[in-house]
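Here is the structure we will look at, set down as structure tokens.
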Amino acid sequence: MVRTAHMLTGDFHEAEDLVQTTLAKVYVRWRRIPGDEIDFYVRRSLVNNNLSRTRKRRVAHLLMPFVPERAHRPDPGHAEAVTQRAALEAALADLSARQRAVLVLRFWEDLGEGETAELLGCSVGTVKTHTRRGLQALRAHPLFTGRLPVPGARP
């Protein structure tokens with residue numbers, strides 16, 4: 001959940017706060033959630049809480065221009081992977097919250113168009129439109145020079 005929240009928010013600390021808020025809200029309604037819909041409910045709550053957070057707080061966040069190095073020694077090509085990851089995160093940060101949510105759910109969570117539409121409470125056509133426009137914005141972003149994710153492929 002924290003990884004998905006990080007892709008939605010662009011900031012690790014905000015992602016942790018988002019997950020904590022989501023789990024607190026889900027806990028209150030836990031007995032009313034059907035057992036076979038727990039994953040759907042939690043994921044939808046995570047996305048909805050993120051969208052609410054962006055509506056309430058219209059403040060631009062300063063994100064780090066790079067991903068911090070890990071404690072272990074880097075492997076060959078590690079610097080390139082870090083650069084591509086930072087560029088992707090910067091490009092995602094420039095998208096609208098809705099486009100970002102659609103791209104994260106489609107390509108990071110590997111959900112289909114129908115599942116994403118159901119999760120966001122919109123039509124499949126809306127998901128397709130947000131996906132197309134979001135990918136166009138990523139391709140046009142000046143920092144992003146890497147390959148774009150392919151539907152069904154893990155980043």
| query | Considering only region 1-34, how many residues are within 14 Å of the chain's Cα centre (by Cα), in contact (Cβ under 8 Å) with a residue 24 or more places away in the chain and open to solvent by 60 Å² or more (accessible area, probe 1.4 Å)? | reply | 2
| task | Give just the number: which of (1) open to solvent by less than 40 Å² (accessible area, probe 1.4 Å); (2) within 20 Å of His6 (Cα to Cα); (3) in a helix (DSSP H, G or I) does Leu111 not satisfy? | result | (3)
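The values are calculated or read from the model by the stated rules, or taken from the named source; none is laboratory data. Being a predicted model, the structure only gives us computed values, none of them experimental. Note that we place each Cβ from the backbone using ideal geometry, even for glycine, and neighbour counts take in every protein chain shown. Only protein heavy atoms, including side chains, enter the accessible area calculation; ligands, DNA and RNA are left aside. Shrake-Rupley method; radii C 1.70, N 1.55, O 1.52, S 1.80 Å.
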